Amino acid sequence: MKYASEVPPAELRWRVDEHQLPFVSTSEVDPAKGIVGQPIALEAMRFGVECDAPGQNVYVRGVSGTGRMTMVHSLLRELKPKARRKLDRCYVHNFSQPDRPRLITLKAGMGPVFRRMMKELADFIQNRMVDALNSEPMKSRREAIKEQTQQELQHITEPLESELHDNGLTLVQLQAGPYSQTAIFPVIDGKPVSPEQFNKMVAAGKVDRAELTRVEDKIRQYSKRMTEVSEQANRVYLSGMESMQDLIDGEARKILENLTREIVRQMDCESVSCFIEEVINDTIENRVPGDPDGQLPDPHLAYGVNVVRSHEDEDESPVIIENSPSVQNLLGTVETEFVPGGQSVSNYRGIRAGSLVLADGGFLILDAHDLLTEPGAWRMLMRSLRTSSVEIVPSELGWPFIAHSLKPEPIDISVRIIMIGSGGLYYQLDQLDQDFSDLFKVLADFDSEIERTEEGVAQYAGVLARLSQEEGLPHFSAGGVAALAEHGARIAARKGKISARFGRLADIVREASYIARKSDSEQVQRQHVEDTISRTRFRASLPARRFQELISDETIRIATAGKVVGQINGLAVIHAGPLSYGFPARLTATIAAGQAGIINIEGASELSGAIHTKGFHILGGLLRHLLRSDHPLAFSASIAFEQSYGGIDGDSASGAEICCLLSALTGVPIRQGIAMTGAIDQLGHIQAVGGVNEKIEGFFDACKTMGLDGHQGVLIPRANAGDLMLREEVVQACGKGQFHVYAVSDVCEALEILTAMPAGDRDEDGNYPDGTLLNLAKCRAAEFWRKTLTQPTAQDANLP
């Protein structure tokens, strides 16, 4: 039987007439430049790149394979934006706070210069400083100070020494460990004698006791005066030593200031001046006149410069792609050194800048999903953008930072983030993180589809020409371009659209090129593309093939012929990577008089998803709309997906469920050779669903397995008719009348095709004509209501 709703075979697949294309092969086509088919996203990206206003970071939204990364790269290459600023960043030792290395910010390119100049200074301090301080003029000046000091000491001690000499006494310096003291000794035979020796001489009779008494009295007499003279001499000596040290320090400072004057002048930076002053002071304090014992750290380490970011090109803006956005890679880290004994130490030399610092003044490209999978990375990025600074070792971080005693001074940054992510992730971040909406104000929205026009096909040809040029692939013939555009329409599965997911299409291009080369073809022809598509589907078709085997051996009960009351073939989709496969699902319904209403067996078993449950509840509203009556609907019905043991979601089976329920209510059988997909509303409209091509092909494969009889087909929503891009095999079967595709707009159209019985049009009083399905349904509903009135209640059943 022919129905007006049947879709003509010519409308089951969109075709590109390769003979109408303005080229024979892509060798005649100019390669596409930049991104294809994304004018809105391109304009948004351009604004985000060129605008300097705060918070104008860019979120590039879209599905993978639409060329998001390609567009970012190509746009940055095209615009070549000048860096907002370019600064070299260095860390040096902080002498006043050793645990907080000092940040020095210099003009672009000056970091390595500063490091080289400080190395030269350290070389001088280590190897030539002592020689400079031992020059002949310095020796003369030191000798002069020594001579002057000696003269002053002699002037102080000479009167006392003369009197002591006249009394047979002399001054002797005694060493007691590190200290020395002056004592008065008697002189015997021209030599000083200690008190112990003098007493022995008295005891031996060599010196009489009168002499002993005289000497002791003289020593007591001169001891107080000697103390006063010693103190005075010590002051003169210390003054001389201080003069000597002042001479050396002054000369050292003069030498170092002369050496560092050029450093300060070239760097022209206050922080460099402060650091140089600290270096000079530390050198004078600790390294003058030298380090003979080697106890001090190497001056190259103490006075060195760690350049963490340096720029060579003064104009081009830095572009950093961070593929592993961990906290350490974003902010930076401090590498430790191991000293003898196994202890780890950290200092300014181990500081390493992260990608936020490396991209300062330019652009940092991140993947949102990768960023969110790294612990703590999202929070640290938002904080850095909010404060415009980077703390290389945040204090709240635990291992491995907990072992670090350093807290380098924070680095101020001016960086534009370009974050690539999906649409769902964008909405979650916008809802859950206030910082995100404040900091990412530019949305570059990538469409996964472009218009199905001559221009769209031309864009495909341009992309193919570019791939051939960049990857050395053979060029595509006009037929090959047409076949790829048709497959793009299949991927898009929307009326008037073809896919813009060129990453996915590029995989097909490469495999088709491989097949063409294997067959010694100079160009990729239509057949090579079609073979690639078939091979790709076959490699992932194991679940579909097994399902067909289960149908053929009747392990899964699917009827594709005959008529059955309360049973219909719904359609579902399974996904295998980027590919999808459709298959039939048997739905059954039973009904009887009662008060339970409609029971969703999947829902009662907790196997029904939220959307499927919503679609099921719409059935009750639609029944009330179709069967308007002056009494309640009094029946108990149940609907189930038979031989389904996993979760079910989506509302695309709700159209089949209402038809199955009405069949059970009226007793009118449903043609099993007709499967159905489509969602319903409470007014009976059949609404669009996804995966319509896969569902049709899945039922076609099942019918082919069981045997095509010319009466089989699929009911789809009329809104999906323009989305059809069926396999050539299915189109040919429809052309021969072996299979049919019907596009319906409401449930009444569907019922008439499924039952071969008129559904009926309601009159002004809400009644349907006799001999129609809905009139029969209304009558059956009235019978169920009357039966419930005659059944005894539970209270009546308990009466004696």
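When you scan region 500-515, do you find a residue that is surrounded by fewer than 20 Cβ atoms within 10 Å (Cβ to Cβ) and closer than 30 Å to PHE635 by Cα, even just one?
No, every residue in region 500-515 fails to be surrounded by fewer than 20 Cβ atoms within 10 Å (Cβ to Cβ) and closer than 30 Å to PHE635 by Cα.
Which ones in region 757-766 are exposed (fewer than 14 other Cβ atoms within 10 Å of the Cβ) and either within 28 Å of LYS563 (Cβ to Cβ) or touching a residue at least 12 places away in the same chain (Cβ under 8 Å) (or both)?
Within region 757-766, ASP761, GLY766 meet the criteria.
Tell me the helices (runs of 4 or more DSSP H) entirely within region 126-232 that contain at least 1 residues that are in contact (Cβ under 8 Å) with a residue 40 or more places away in the chain.
Helices (runs of 4 or more DSSP H) meeting the threshold: 129-133, 136-166.
Report every pair of residues separated by at least 6 positions or lying on different chains whose Cβ atoms are under 6 Å apart, first residue within region 688-703 and at negative phi, second open to solvent by less than 10 Å² (accessible area, probe 1.4 Å) and part of a helix (DSSP H, G or I).
Filtered contacts from region 688-703: ALA688/ASN720; VAL692/ASN720; GLU697/VAL730; PHE700/VAL730; ALA702/ILE551.
For region 415-450, enumerate the residues that are in contact with an Asp or Glu (Cβ under 6 Å, 6 or more places away or on another chain) and either within 20 Å of ASP360 (Cβ to Cβ) or charged (D, E, K, R) (or both).
Selection gives VAL415 alone.
Which of (1) open to solvent by 40 Å² or more (accessible area, probe 1.4 Å); (2) without any contact (Cβ under 8 Å) to a residue 60 or more places away in the chain is the odd one out, the single condition SER552 does not satisfy?
Of the numbered conditions (1) open to solvent by 40 Å² or more (accessible area, probe 1.4 Å); (2) without any contact (Cβ under 8 Å) to a residue 60 or more places away in the chain, the odd one out for SER552 is (2).
Does THR170 satisfy being open to solvent by 40 Å² or more (accessible area, probe 1.4 Å), of a type in the set (Ser, Thr, Tyr), more than 30 Å from HIS300 (Cβ to Cβ) and over 60 Å from the mean Cα position of the chain (by Cα)?
Yes; evaluated as a whole, the condition is true for this residue.
Can you tell me which condition ARG142 does not meet? The list is (1) open to solvent by less than 70 Å² (accessible area, probe 1.4 Å); (2) out of contact with any Leu (no Cβ under 8 Å at 6 or more places or on another chain); (3) basic (Lys, Arg), and all the others hold.
Unmet for ARG142, out of (1) open to solvent by less than 70 Å² (accessible area, probe 1.4 Å); (2) out of contact with any Leu (no Cβ under 8 Å at 6 or more places or on another chain); (3) basic (Lys, Arg): (2).
Can you tell me which residue within region 25-48, out of those that are in contact with a strand residue (DSSP E or B) (Cβ under 7 Å, 6 or more places away or on another chain) and outside any loop (DSSP other than H, G, I, E, B), is most open to solvent (accessible area, probe 1.4 Å)?
Once the filter is applied, the top-ranked residue is ILE40.
May I ask you to list the residues in region 726-756 that are surrounded by 22 or more Cβ atoms within 10 Å (Cβ to Cβ) and assigned to a loop (DSSP other than H, G, I, E, B)?
LEU726, PHE739
Pairs please, first residue from region 487-515 and over 24 Å from VAL730 (Cα atoms), second anywhere and among the hydroxyl-bearing types (Ser, Thr, Tyr) and part of a helix (DSSP H, G or I), Cβ atoms under 7 Å, 6+ apart in sequence or on different chains.
Partner pairs satisfying both residue conditions: GLU511/THR532; ILE515/THR532.
Go through region 559-579 and count every residue that is in contact (Cβ under 8 Å) with a residue 60 or more places away in the chain and open to solvent by 20 Å² or more (accessible area, probe 1.4 Å).
Total meeting the criteria: 10.
Tell me, which residue of region 590-630 that is under 43 Å from the mean Cα position of the chain (by Cα), at pLDDT 80 or above and under 25 Å from VAL564 (Cα atoms) is most open to solvent (accessible area, probe 1.4 Å)?
Step by step, filter region 590-630, then rank; the result is HIS617.
If the requirement is being among the aromatic types (Phe, Trp, Tyr), surrounded by 16 or more Cβ atoms within 10 Å (Cβ to Cβ) and at pLDDT below 85, which of these qualifies: PHE401, PHE436?
Answer to the check: PHE401.
Any residue in region 767-782 that's within 16 Å of LEU623 (Cβ to Cβ): show its pairings with residues that are in a helix (DSSP H, G or I) and among the charged types (D, E, K, R) at Cβ separation under 9 Å, as long as the two are six or more apart or on different chains.
TYR768/LYS778; LEU773/GLU752
The values are calculated or read from the model by the stated rules, or taken from the named source; none is laboratory data. Model, not experiment: these values are computed from the prediction. Reconstructed Cβ throughout: ideal geometry from the backbone, glycine too, with neighbour counts over all protein chains shown. Surface accessibility is based on the protein's heavy atoms, side chains included, excluding ligands, DNA and RNA. Shrake-Rupley method; radii C 1.70, N 1.55, O 1.52, S 1.80 Å.
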